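For reference, the structure is listed below as structure tokens.
The values are calculated or read from the model by the stated rules, or taken from the named source; none is laboratory data. Because the structure is a prediction, the values reported are computed rather than measured. Counting neighbours? That spans all protein chains shown, and the Cβs are built from the backbone with ideal geometry, glycine included.
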Amino acid sequence: ESLGYTVSQQVGAAGFSIDLAIINPKNQNEYILGIECDGAAYHSSKSARIRDRLRQEILERLGWKIYRVWSQHWINHRQEILEDIVRVANLNE
């Protein structure tokens, strides 16, 4: 959002939700990137990690482009991650 993009939280698709989703600035009815974040549940159990990876695979089969953000990396490299998200989503086109 600090880069001027509209971001939705907890967007659902096929019974799954994505932590953050960037709305296409050229088409407000379309998402151009889903962002998954590791949280307490992700670190708490192996089954949560497996479930998250399976959810990502299913959403990608449904056409989502997914970007995963690791909390420790975010804390130490926030600007680098933002630049990478822009690159991955082709937001600068």
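The test for being surrounded by fewer than 12 Cβ atoms within 10 Å (Cβ to Cβ), in a helix (DSSP H, G or I) and at pLDDT below 80 does not hold for residue 2. Within segment 75-86, being surrounded by 13 or more Cβ atoms within 10 Å (Cβ to Cβ) and modelled with pLDDT of 90 or more holds for 77, 81, 82, 83, 84, 85.
The condition of being touching an Asp or Glu at 6+ places or on another chain (Cβ under 8 Å), under 16 Å from residue 9 (Cβ atoms), outside any helix (DSSP H, G or I) and at pLDDT 80 or above holds for only one of 31, 67, that being 67.
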